[in-house]
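**Student:** Have a look at this one.
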Amino acid sequence: MSMPQTVQRTIDAIWRIESAKLIAGLARMLRDLGAAEDLAQDVLVTALERWPETGIPDNPGAWLMTAAKRRAIDLIRRNKKQSEKYEELGRSGATFTEDEADLAMEGEVGDDLLRLIFATCHPSLSQEARVALTLRLLGGLTTEEIARAFLLAESTIAQRIVRAKRTLSAQRAAFEVPTDKEELKARLTAVFEVIYLMFNEGYAATSGGSWTRPLLCQEALRLGRILAEVAPAEPEVHGLVALMEIQSSRLRTRVNAAGEPILLMDQNRALWDHLLIRRGLAALERAQSLGQPLGPYALQASIAACHARACTAADTDWVRIAALYEALLRIMPSPVVELNRAVAIAMAFGPAFGLQLIDELMDMQALRDYHLLPSVRGDLLAKLGRMDEAREAFERAAMLTSNAPERELMLRRAADCHSD
């Protein structure tokens with residue numbers, strides 16, 4: 001008998017929320033990322049078998065963690081080489097109740113996630129491997145979703161993830177935040193990147209049925225705040241936190257009651273979370289106070305601050321935003337930054353100027369299948385009254401995106417071009 005769809009959807013949602021914490025806790029116990037992921041999957045299978053009959057527990061995260069820890073202890077017991085570790089864990093786990101697991105999820109496990117991020121940012125891994133592994137384990141994305149996000153074959157992403165896990169195992173990577181200052185500093189750039197990737201996947205989901213995943217944003221922001229305490233003298237950690245705080249302030253206005261996307265210029269700014277904005281501006285001031293040139297995250301936070309300070313969309317200082325994107329482009333050359341700069345110039349100096357820059361990007365290989373390029377182009381064409389061309393651009397954007405609500409938005413904008 002097939003599982004009721006509502007139960008399946010609920011279990012899928014629980015897995016999205018809890019899987020990273022589960023894998024992080026198991027990795028700390030087992031010191032083996034592959035084994036941790038396998039055990040986590042085994043526990044999920046058990047949940048899929050039991051919960052439709054017994055009902056979903058009141059605290060599903062605690063249930064999964066308790067079941068996973070018991071299996072980890074069994075695995076260590078079978079491994080004679082780790083018998084001492086087993087005895088230690090066995091003593092601590094003999095009275096490990098669901099209530100205790102719940103407390104662990106709220107406290108100790110948070111540190112486990114940070115440990116896991118530092119492990120996935122091991123110097124022996126390539127940047128591509130770090131990104132793929134982080135999105136898989138911490139972002140909860142499937143291999144197929146990651147492949148679509150990076151416009152690569154699913155087999156390529158799968159191989160990267162497998163090789164990365166083997167490398168970490170061969171290197172006997174420690175699942176700890178480095179205590180040595182030099183080693184910590186050497187990994188920080190990669191850690192910043194993966195935390196922001198995690199946040200960005202929550203802010204604008206690559207695929208699936210929801211445009212945002214707020215819990216993923218919250219987790220990334222929490223980890224960023226912890227990291228700011230670990231490395232308080234690093235300006236970029238405060239820039240990263242500032243960026244995530246300010247962007248998080250808009251989350252509840254990014255979709256309407258039906259889950260449909262609301263673009264930045266159409267959002268109700270009165271509903272932005274002003275506490276998060278104040279925290280973000282304070283973190284940005286802290287980054288600036290350290291007396292070093294602003295890095296990529298602090299510059300992006302400065303751009304976000306321009307939006308946060310504008311009481312209405314019409315009050316936005318687009319000239320300053322364009323200048324900040326120019327500065328960002330100099331230190332972090334990127335086709336996506338060029339696209340955003342073109343948007344800012346269009347808003348500051350008119351759609352014709354922006355369209356000229358956008359057209360220069362159309363043949364750029366890296367943006368050829370990037371859905372936001374035709375989306376931006378369609379918006380500028382519509383503002384110039386070139387409706388047929390705008391419709392075609394929005395239809396192409398709809399074809400390229402893997403996110404269902406965003407696809408519907410692009411199709412609606414294409415249909416609006418018909419009616420004008």
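**Student:** Answer yes or no: is there a residue in the stretch 207-224 that is over 14 Å from the mean Cα position of the chain (by Cα) and more than 24 Å from residue 14 (Cα to Cα).
**Tutor:** No, there is no match, as no residue in the stretch 207-224 is over 14 Å from the mean Cα position of the chain (by Cα) and more than 24 Å from residue 14 (Cα to Cα).
**Student:** Continuing with this model, one more query. Being within 25 Å of the chain's Cα centre (by Cα) and surrounded by fewer than 21 Cβ atoms within 10 Å (Cβ to Cβ): is that true of residue 333 here?
**Tutor:** Taking the combined requirement at face value, the residue satisfies it.
**Student:** Please go through (1) exposed (fewer than 15 other Cβ atoms within 10 Å of the Cβ); (2) in contact (Cβ under 8 Å) with a residue 12 or more places away in the chain; (3) charged (D, E, K, R) for residue 360 and return the number of the only condition it doesn't satisfy.
**Tutor:** For residue 360, the failing item is (2).
**Student:** Looking at the stretch 49-73, I want the residues that are of a type in the set (S, T, N, Q) and have a partner that is assigned to a helix (DSSP H, G or I) with Cβ atoms under 6 Å, at least 6 apart or on another chain. Which pairs are those?
**Tutor:** 59/102; 66/98; 66/101
**Student:** Ok, one more. Where the second residue is surrounded by fewer than 18 Cβ atoms within 10 Å (Cβ to Cβ) and β-branched (Val, Ile, Thr) and the first is over 14 Å from residue 142 (Cα atoms) and modelled with pLDDT of 70 or more and lies in the stretch 7-32, which pairs have Cβ atoms under 8 Å and are six or more apart or on separate chains?
**Tutor:** 10/56; 11/56; 14/56
**Student:** Just to be sure before I move on: is residue 398 part of a helix (DSSP H, G or I) and buried (at least 17 other Cβ atoms within 10 Å of the Cβ) in the structure I sent?
**Tutor:** The answer is yes for residue 398.
**Student:** Still on this structure, I have one more. Which one of 291, 280 is closer than 23 Å to residue 232 by Cβ, part of a loop (DSSP other than H, G, I, E, B) and out of contact with any Phe, Trp or Tyr (no Cβ under 8 Å at 6 or more places or on another chain)?
**Tutor:** 291
**Student:** Of the residues that sit in the stretch 165-183 and are in a helix (DSSP H, G or I) and out of contact with any Asp or Glu (no Cβ under 9 Å at 6 or more places or on another chain), which one is surrounded by the fewest Cβ atoms within 10 Å (Cβ to Cβ)?
**Tutor:** The qualifying residue surrounded by the fewest Cβ atoms within 10 Å (Cβ to Cβ) is 182.
**Student:** Considering only the stretch 385-396, state which residues are under 14 Å from residue 358 (Cα atoms) and in contact with a Pro (Cβ under 8 Å, 6 or more places away or on another chain).
**Tutor:** Across the stretch 385-396, the qualifying residue is only 393.
**Student:** If you don't mind, another one. When you go through 294, 324, 299 one by one, which is the residue that is within 25 Å of residue 249 (Cβ to Cβ), surrounded by 15 or more Cβ atoms within 10 Å (Cβ to Cβ), touching a Ser or Thr at 6+ places or on another chain (Cβ under 8 Å) and in contact (Cβ under 8 Å) with a residue 40 or more places away in the chain?
**Tutor:** 294
**Student:** Quick check on residue 391: is it under 24 Å from residue 260 (Cβ atoms), in contact (Cβ under 8 Å) with a residue 24 or more places away in the chain, of a type in the set (D, E, K, R) and assigned to a helix (DSSP H, G or I)? Full working, then the answer.
**Tutor:** Values: under 24 Å from residue 260 (Cβ atoms): yes; in contact (Cβ under 8 Å) with a residue 24 or more places away in the chain: yes; of a type in the set (D, E, K, R): yes; assigned to a helix (DSSP H, G or I): yes.
The answer is yes for residue 391.
**Student:** Do you know which residues across the stretch 215-265 are in a loop (DSSP other than H, G, I, E, B) and surrounded by 15 or more Cβ atoms within 10 Å (Cβ to Cβ)?
**Tutor:** Initially, the stretch 215-265 is screened for residues in a loop (DSSP other than H, G, I, E, B), giving 231-234, 249-250, 254, 256-260, 262-263.
Once the filter is applied, which keeps residues that are in a loop (DSSP other than H, G, I, E, B) and surrounded by 15 or more Cβ atoms within 10 Å (Cβ to Cβ), the stretch 215-265 yields 231, 234, 249, 250, 254, 262.
**Student:** Hey, does the stretch 191-211 have a residue that's touching a Gly at 6+ places or on another chain (Cβ under 7 Å), within 26 Å of residue 268 (Cβ to Cβ) and β-branched (Val, Ile, Thr)?
**Tutor:** No, the conditions are met nowhere in the stretch 191-211.
The values are calculated or read from the model by the stated rules, or taken from the named source; none is laboratory data. Just so you know, these numbers come straight off a predicted model, no measurement behind them. Positions of Cβ are backbone-derived with ideal geometry, glycine not excepted, and every protein chain shown enters the neighbour counts.
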